[in-house]
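K.L.:
Take a look at the following structure, please.
The values are calculated or read from the model by the stated rules, or taken from the named source; none is laboratory data. The model shown is predicted, which means the values in this text are computed figures rather than measured ones. Backbone-built Cβ (ideal geometry, glycine too); neighbour counts: all protein chains shown. Protein only, heavy atoms only, side chains kept; ligands, DNA and RNA dropped before computing areas. Shrake-Rupley method; radii C 1.70, N 1.55, O 1.52, S 1.80 Å.
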Amino acid sequence: MHLFGDPFIWLPFVFAMLMGISILVYVVLDGFDLGVGLLFPFATPSERDRMVASIGPFWDANETWLVLAIGLLLVAFPVAHGVILTALYLPVTVMLIGLILRGVAFEFRAKAPTRHRAAWNRAFFAGSLASTLAQGFMLGLYVTGLQLSWTNIAFALLTAVFLTVGFSVIGATWLIGKAEGVLQAKAILWARRGIWGLVAGIAAISAASPLVSARIWDKWFSWPEFAILAPLPILSVVLIATLWRVLHVLPMENDRMAWTPFALTTALFVLAFGGLAYSFYPYVVPEQMTIYQAAAAPEALIIILVGALIVLPVIIAYSVLAYTVFRGKATELTYS
């Protein structure tokens, strides 16, 4: 337990990293399949079947990362788990209802009589929208330290709207890679339109975050931190410009660069998450509790770490297997 130094220091840090990586992977992977659901109203019935086929083999595995992240929060930082979920009880409930509605609609839309399919399509969209808005609202409140005020609620609502835009963009870029023909052309158009909402969201939240949190202001605008962190927003601008350029040259012959928009959008999400992680560290409950104050006893953490190092490779392995087996273009959706 002392192999890497003081276990009261390195064990909480390791678990914070594992939890952060799990959240990041969830945001990217479940982000695109939630995004596909958000785009449902803009597609024809046959296109919706192909959209569902593009995420069908993956969406269950994608949500495993959310379960892992919450599980790590519970066992590694139990006090923080209680504080966070108590403060976010209502949006967590909305998110869970949305995820359940998505799962039910996903199965029933293909098996229900034709006259009921439109209702299940609406339920799939509603579940996707509710889950995404709830996640954005929770993120906004978390940034502000889980303190309820009209200003903080307004910021949380702003975050909810722009996270929804971000998920719709990454969903569209996923469809560019998985679809072909008319649906791919539509996905390119959706991504072109959505990128401006994504830019507006990044700009608005980046500008508002330091105003609602003195901690974020100090961590980003003090010297020399301001100069050290300057490459992050510069790189974000470069990625957005590259994404805009790529979207305007697609589609290309032989489907070249079809996955480039998804890779660029994922890189943007990773940069944004990295900025958030820097802004929060070392707090697990902003302004209230650090990872070191909230951590379980080292004797418990070392046992949990052994279990995590067994479970994590299994999750990675079956996720890689799913994405490998079902690589390529989405085919016609059948349940025969």
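K.L.:
Out of Leu271, Leu264, Leu309, Leu301, which single residue is among the hydrophobic types (A, V, I, L, M, F, W, C) and touching a Phe, Trp or Tyr at 6+ places or on another chain (Cβ under 9 Å)? Explain how you work it out, then say what you get.
P.N.:
Working: Leu271 fails: touching a Phe, Trp or Tyr at 6+ places or on another chain (Cβ under 9 Å); Leu264 fails: touching a Phe, Trp or Tyr at 6+ places or on another chain (Cβ under 9 Å); Leu309 fails: touching a Phe, Trp or Tyr at 6+ places or on another chain (Cβ under 9 Å).
When all the criteria are applied, what remains is Leu301.
Yes or no, residue by residue, for (1) open to solvent by less than 60 Å² (accessible area, probe 1.4 Å); (2) assigned to a helix (DSSP H, G or I); (3) without any contact (Cβ under 8 Å) to a residue 40 or more places away in the chain; (4) under 15 Å from Ala204 (Cα atoms):
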position: Met95; (1), (2), (3), (4): yes, yes, no, no
position: Arg102; (1), (2), (3), (4): yes, yes, no, no
position: Phe106; (1), (2), (3), (4): yes, yes, no, no
position: Arg109; (1), (2), (3), (4): yes, yes, no, no
position: Leu141; (1), (2), (3), (4): yes, yes, no, no
position: Ala160; (1), (2), (3), (4): yes, yes, yes, yes
position: Thr164; (1), (2), (3), (4): yes, yes, no, yes
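K.L.:
Now, a different point. Being closer than 30 Å to Ala179 by Cβ, of a type outside the set (Val, Ile, Thr), open to solvent by 10 Å² or more (accessible area, probe 1.4 Å) and without any contact (Cβ under 8 Å) to a residue 60 or more places away in the chain narrows it down to one of Leu66, Leu85, Leu74, so name that one. Can you show your working first?
P.N.:
Numbers: Leu85 fails: closer than 30 Å to Ala179 by Cβ; Leu74 fails: closer than 30 Å to Ala179 by Cβ.
Result: Leu66 is the single residue among Leu66, Leu85, Leu74 that is closer than 30 Å to Ala179 by Cβ, of a type outside the set (Val, Ile, Thr), open to solvent by 10 Å² or more (accessible area, probe 1.4 Å) and without any contact (Cβ under 8 Å) to a residue 60 or more places away in the chain.
Yes/no per residue for (1) buried (at least 17 other Cβ atoms within 10 Å of the Cβ); (2) of a type outside the set (Gly, Ala, Ser); (3) without any contact (Cβ under 8 Å) to a residue 40 or more places away in the chain:
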{"site": "Ala214", "(1), (2), (3)": "no, no, yes"}
{"site": "Glu253", "(1), (2), (3)": "no, yes, yes"}
{"site": "Gly274", "(1), (2), (3)": "no, no, no"}
{"site": "Tyr278", "(1), (2), (3)": "no, yes, no"}
{"site": "Ala297", "(1), (2), (3)": "no, no, yes"}
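K.L.:
With respect to Ile176, determine if the residue is at pLDDT 90 or above, open to solvent by less than 10 Å² (accessible area, probe 1.4 Å) and either of a type in the set (A, V, I, L, M) or closer than 14 Å to Leu34 by Cα (or both).
P.N.:
yes
K.L.:
Okay, next question. Do we have any residue at all in the range 46-62 that's surrounded by fewer than 19 Cβ atoms within 10 Å (Cβ to Cβ), farther than 25 Å from Ala185 by Cα and either touching an Asp or Glu at 6+ places or on another chain (Cβ under 8 Å) or polar (S, T, N, Q) (or both)?
P.N.:
Looking through the range 46-62, none of the residues is surrounded by fewer than 19 Cβ atoms within 10 Å (Cβ to Cβ), farther than 25 Å from Ala185 by Cα and either touching an Asp or Glu at 6+ places or on another chain (Cβ under 8 Å) or polar (S, T, N, Q) (or both).
K.L.:
Within the range 111-134, which residues are β-branched (Val, Ile, Thr) and surrounded by fewer than 19 Cβ atoms within 10 Å (Cβ to Cβ)?
P.N.:
The initial filter retains those residues of the range 111-134 that are β-branched (Val, Ile, Thr), namely 114, 132.
Within the range 111-134, Thr114 is the sole residue that qualifies.
K.L.:
For the range 231-245, give me the residue count where each residue is open to solvent by less than 30 Å² (accessible area, probe 1.4 Å) and of a type in the set (Gly, Ala, Ser).
P.N.:
1
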